[in-house]
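Taking it in order: structure first as structure tokens, then the write-up.
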């Protein structure tokens, strides 16, 4: 029986271990995917240090692969394009269609993401940090256009689908709007790009260090605010006010996860402005926040932390068409499978923007 | 082996035939439903006269039933309420979650409605016009609250979910708005009720005969326009103008299916008004329509012909709470299974508003 | 020269003083209004105790009056209905049409509300707490339908227009939705009514004392939660969870102004639910609030504190059509002008729901 | 008394006549504008041939000018930027703030556009086709940024604000969407650009002649369809279908004004797609249109023919930021005032895309 390798999370604060797994025979409707590229996400790094994380798990939930073998599964992708071995694809477990969330158009309560399931039972290969990934029957598949780089395809599921969900929820970006992005990490970069693609006139990115702000400018930021220089929230709010003729931003996008960022964002938004809160997934408990700003400024806020299938379709289409954004530069580290822990280290040192694994190189 | 009866469509322009079928054993995950009430829909009547309609088919796609037997299928409904034999339910095939329409929040391209599948293969019982209905594994189920009448529950899937979809698409009803409903049949009645529930201040129903307009007034119509009296479209447009201080209606809902109704509706809507087009499913070919009204009045139009699961949930909740509308009166004919053809006849004579079958009486 | 009386705010923490003013001759385009009824608003009570409030001022910004005299001003109201002496009207300064807020559809930055301008210069009569009110040229006027009570007309500008603005901003109320209203004062009552008019299936009102909750039930509340009984926020959150099958409310409307209400509301809303924040006008400084709820629940929030002209039109139309709500009962105290301070006292003792002045009785 | 020249429409089918007018003294609050550039609009050309057009009129309703003299009028523009003589501006009559349309956020029913008022009474200078334009008190003014070309500023009011209104009404452009633009004239060019700015992934422009399609490609069209080659609507619909994987366009924008374009657009839109109808201002009477497409495809349609002030602000901001579109190339003809009739001729020959007057050159 043929085998392959995968990087396995074997418990909190231990390095991922490269292990060998059999390449399983395909049950009826299943699909075998040969992995091309998988991103190391902050969620992975977080889980790797979290005592209660279940293990063993093959991480890797942001993936691009190639169809290696089909066994009666889907013959066409979600756009109706034919599928065959050799096609590059993006994939997911399909939504169940039966739960409350599915019924109201929100993320399915039952579908399990690849890259987050335990791998101690066959077919084992349930995450992107391995040479192969076993796709259960009835997956959701989107074919990557031939002319698109694997990097661009991968980026469409690294935060960008979440941001497209957020922009949809917040009622879009007014054409020509001035947008402030709090945070200069991968999500902040995606926020900047998606806001610009959606019509923003000016983008102001707040973050650090200067190398990230430089990258932000390469991605289209018109202004940057270095939190290493303007260390106080009040100073940054004042700077935003200056840059917006005293009015405040039309749209603020919180992508930093910082504990003071929510209050800061409320202060940066203009009267009747919008505030999209993407970064506050981690629960640091109650923070000092002034709710009268919401009422007095007649603000519109939305939280978001993931994207639905339609956002992935749009995200891929945006990546395909918005070639003026050199998004490939956001992938700063590329390692083969056996150096996966170097990717994690680069992420932890904030040295990497988006580190990826090339499982078959 | 136990058997049961069902009414079978056996070919265009023939009466439905009462036939006997075995009550099948349940495959893993399947559910057996004992039918309580099924509506005879215009679609059924239409299909019964259409030469190309496939047969044999057990009609009945608007259904309320009782769980008779479960075999490892869903233990809770879409709202998380526990399910057990004896519960009254509304049900559907679940959306696939994988097609383009599912991805963008539209009606699934693959799910097959009960009441429209052929019945010559086991398990045969695929429509509501029978004593039992066999529900495939993984259905979408909504439990009917104990205190709600079966009539109200049934009405929630007789057009009302479609209208809630339409009202969502058209951007809601402005509170206090004046709404014109074209058509005084079941869909027109639903349009009137749903518009009022959604905040309309005044409802004007256009239709005939007078008995239907009387029923419309019982359902909350503030004004009615009898097309038997005002026979010309221009006269009806003029009447709407009079009733709206010369401005036109805030929202027009086309529920008549008439070939001139689209143009008439364009003329009835006010500047920057809305026009929901529900009734134009049947294709009568091109009609004389003036598109400059759309531009000059800056109108918003939306078509719609069905509802998604969220609209069924809302529809049931509306029926439950809006007890001030005596919707039970809309069910004008109730026959046991063996008189199903009398229901069809009452529908064809336009004598019935909503005729139903009580398959186990 | 004829004179009339008005109640004048003459400085913080002093009783309003009844003073005599000349009834001024009308400049070109001006209109003289004989006051019918004016509400004492919480804003007035607040201002009367606030050291920095400008004075002298004739309060009264929620008004219904009768046209006493016209001098070349508007001949028709905003709906195109002719105006003449004797007509009951609702009125406002018109929006300027030139400022940023006017341009983006928000409240005009320049229009000055009657009832908040100083009265030491002619024409003096700038608020509703007087027998006459002098309307500057170019006002915004809406005629009150003859068959409508003055009470209903007044209520259309007591919070209800603000709530209609809020409901518009939050994207409407889903038909059948379960709505929690935090606060059982005038705004809370309006929130309950407008949410129900807009399609809510169930309304849950949280407040005290029991007399107010009783009034809430008379206005259509399906459930009430007495904060005198459930004193802890956690207990109230738990109660909402129980009442919503463990899911949380579809929409929460904050109308209490309480300092813990924002955090409590975040906890009461369901996943992907909505939270309208009306009550947090008073700035109590930062509160302990957990922003991760916004992200993790994918919530939609909106602040609002006033209404635009379109909301007043809708509000009057809603009051006209929604006769099933006995809103007149919300007006608990009616005093002639010289007992205006009794109204203030009743408001401060929380004894009154909505106290009004009848300036000409 | 100083005088200046203006081109005057003196009756249908006569050339515009250059006439001399006194430069009037400014009444209180008025502003004198020295014209920089004015576009010849299709509306002007149409009016010049329409027997019932009122005259004499100085045309020119799409204008950029410089403040020549102020007399106590506005000191700041709509964004709060200070105004002084020498500033380039875009301007309009302000909305009245009192009519129904103003109240509901639509175009004011009372404001009179410069360039469409009769000029036989002082102050005469009421249109852009003159050296000076007299701005009444209380205008709506937007300052043109110093670094922006006058061409870009002018283009922001040549259709683009209307298109931004339309895109807002239709609910925005889904990121990555495929957009079909019917018509390759000035409005079609604006539609293409604004759709792309708003997030469209692909733009397909349908029109003629080839020179216009070439210009469309320079403006970002990914595909063009030449109606000189594909002469039949059915062939063009088929071509759109091919270009969209058989699905149809996500959004169709009708900018041609052609009498068959509405039906053609209905056929080109995908299921649940959008159709913005900008071009059907001219009333050619009823056309053969199949309304069942609206229902069966669950389409969303919107008409639009003008823009509100917020759309002008956004339009200018888009022109400022979207420098990747060489919009200056859309201005194909520039003539001094005394050759204004050459501009009209170029427009009528369809030789010009956007012809302009430079009144002071």
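How tilted is helix D:309-321 with respect to the longest principal axis of chain D? Cα atoms for both, answer in degrees (0 to 90, nearest 10). The helix D:309-321 is inclined about 80 degrees to chain D. Reducing the stretch D:65-87 and the stretch A:147-179 to their Cα centroids gives an inter-centroid distance of 39 Å. Model label sites at residue B:28 and residue C:112, defined 7 Å from Cα along the beta-carbon direction, differ in position by 8.0 nm.
Put a dot 7 Å past each Cα toward the Cβ at residue C:232 and residue D:232; how far apart are the dots in nm? Here the answer is 7.7 nm between the modelled labels. The radius of gyration of the Cα set in the stretch D:263-342, together with its Dmax, comes out at 18.5, 54 angstrom. Residues of the stretch B:28-44 with an amide N closer than 15 Å to a point placed 7 Å from the Cα of residue B:334 along the Cα-to-Cβ direction: B:36-40. Treating the Cα atoms of the stretch A:43-183 as identical point scatterers in vacuum, please give the log10 of the normalised Debye intensity I(q)/I(0) at q = 0.19 Å⁻¹, two decimals. Computed log10 I(q)/I(0) values: -1.34. Set the Cα radius of gyration of the stretch D:37-92 against 2.2 N^0.38 Å, with N its number of residues, and you get 1.50.
Kirkwood's formula applied to the C-alpha pairs of the stretch D:7-55 gives a hydrodynamic radius of 13.1 angstrom.
Report P(r) for the stretch B:112-204: all Cα-Cα distances, bin width 10 Å, range 0 to the bin holding the largest distance, values in whole percent. Bin by bin from 0 Å, the calculated values are 14, 34, 29, 18, 6, 0. Computed log10 I(q)/I(0) for the stretch A:149-266 at 0.13 Å⁻¹: -0.45, from the Debye equation with unit scatterers placed on every C-alpha and solvent omitted. Cα centroids of the stretch C:1-44 and the stretch B:17-51: how far apart, whole angstrom? The stretch C:1-44 and the stretch B:17-51 have Cα centres spaced 72 Å from each other. Compactness check for the stretch B:198-265: Cα Rg over 2.2 N^0.38 Å is 1.06. P(r) tail, the stretch C:1-96: Cα-Cα pairs separated by more than 24 Å, 33% of all pairs. Rounded to the nearest whole angstrom, the semi-axes of the ellipsoid equivalent to the protein assembly as shown, taken from the Cα gyration tensor as √(5λ), stand at 49, 40, 37, largest first.
Among A:119, A:108, A:99, whose mean-square fluctuation peaks in a Gaussian network model of chain A (Cα, cutoff 10 Å)? Of the options given, A:99 has the highest mean-square fluctuation. Cα axis of helix A:233-243 to longest principal axis of chain A: angle in degrees, 0 to 90, nearest 10? Once rounded, one gets 80 degrees. Under Stokes-Einstein, with the Kirkwood radius over Cα pairs as Rh, the value for the stretch D:192-233 at 4 °C and 1.567 mPa s is 124 µm²/s. Across A:293, A:266, A:142, mean-square fluctuation computed from a Gaussian network of chain A (C-alpha pairs under 10 Å connected) peaks at A:293.
To the nearest ten degrees, helix D:186-197 and the longest principal axis of the Cα atoms of chain D are 70 degrees apart. If you find the alpha carbon centre of the stretch B:221-254 and of the stretch C:301-328, how far apart are they in angstrom? The stretch B:221-254 and the stretch C:301-328 have Cα centres separated by 26 Å. Arranged from fewest to most other beta-carbon atoms within 10 Å of their beta carbon, A:107, B:103 become A:107, B:103.
In terms of other Cβ atoms within 10 Å, A:196, A:5 run from fewest to most in the order A:5, A:196. Just need the Rg to Rh number for chain B, please, alpha carbons only, Kirkwood Rh. Rg/Rh: 0.98.
Run the numbers on the stretch A:31-105 and let me know its relative contact order in percent, using alpha-carbon pairs under 8 Å that are six or more apart.
Averaging sequence separation for qualifying contacts and normalising by length gives 32 percent for the stretch A:31-105.
Per DSSP H run of at least 4 residues, take -39500 (n - 2.57); add these up for chain C, divide by its residues and hand me the 222 nm value, nearest 500 deg cm²/dmol. Helix contribution divided over all residues of chain C: -7500 deg cm²/dmol.
Dividing the radius of gyration of the alpha carbons in the stretch B:290-332 by their Kirkwood radius gives 1.22 for Rg/Rh. Restricting the calculation to Cα atoms, the stretch B:181-337 yields a radius of gyration followed by a Dmax of 15.7, 53 Å. The ranking of D:37, D:353 by Cβ neighbour count inside 10 Å, starting from the fewest, reads D:353, D:37. Applying 1/(1 + (r/R0)^6) with r as the Cβ-Cβ distance of residue A:43 and residue B:283 and R0 = 41 angstrom yields a FRET efficiency of 0.20.
Any read-out appearing in this document is the output of simple, stated calculations on the displayed coordinates, not a laboratory observation. This one's a predicted model, so the numbers in the text were calculated from it and none came from an experiment. Glycine also receives a Cβ, built like all others from the backbone with ideal geometry; neighbour counts cover every protein chain displayed.
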